[in-house]
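The next block holds one structure in the form of structure tokens; read it before the comments.
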Amino acid sequence: MKGWLKFFILVLAVALALGGCAASQVQKTESTEQLLSAAGFQMKYADTPQKQAQFQKIPLRTLLAYPYQGKVVYVYRNADTLYMGTPEAYRSYQQLSVEKQIAKQLVEAAEINETTDWGVWGWGYR
């Protein structure tokens, strides 16, 4: 195989891999935002220059706790929106996250169970 063809295939493989990572990140961000909204987090927009300046200081796609007026506020920033929640909303978010993970594991287990013959392992309940 010619050197330029090998290089082209390598570049194409890297581009496809990076594209898959980007798509996965978008899905994860959308899922997080849906859970935050369901948990009671409020969406805030950087609709003034002052808010925009502060908005840029908050890390992207990271749920963090900040002290505010003697209390704690939880924030999550995506590209254009800030989600803010109380400690109660944060606990609700954690609970929803766990429930979502359990549901995902149950679906995966059911899919495996449909295609697996557990009897071949010679083990079972008696």
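All of the numbers you see were taken from the coordinates with simple rules; none came from a lab. If you're wondering where the values come from, they're calculated on a predicted model, not measured in any experiment. Don't worry about glycine lacking a Cβ; one is built from the backbone with ideal geometry, like all the others, and counts go over all protein chains shown.
May I ask you to derive the FRET efficiency for Tyr66 and Ser37 from their Cβ-Cβ distance with R0 = 25 Å, giving the value to the nearest 0.05? If you can, show how the numbers build up before the last one.
Working: r = 19 Å, r/R0 = 0.78.
After rounding to 0.05, the efficiency reads 0.80.
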Full-stretch length increase - Val120, Ala79 - with 0.36 nm per residue and alpha-carbon distance subtracted: 9.7 nm
Cα pair distances exceeding 17 angstrom across segment 39-108, given as percent: 51 percent
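Gln54 to Leu96: extension gain in nm, 0.36 nm per residue of separation minus the Cα-Cα distance?
On the way: separation 42, 0.36 × 42 = 15.12 nm, distance 2.89 nm.
Value of the extension gain: 12.2 nm.
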Charge dipole of segment 39-108 about the Cα centre (unit charges at C-beta), most positive-ward option of Gln105, Tyr68, Met43: Tyr68
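About its Cα centre, how strong a charge dipole does segment 39-108 have in debye, to the nearest 20, once Lys and Arg get +1 and Asp and Glu get -1 at the Cβ?
Details: 9 positive and 5 negative charges, 37 e Å.
So the magnitude is around 180 debye.
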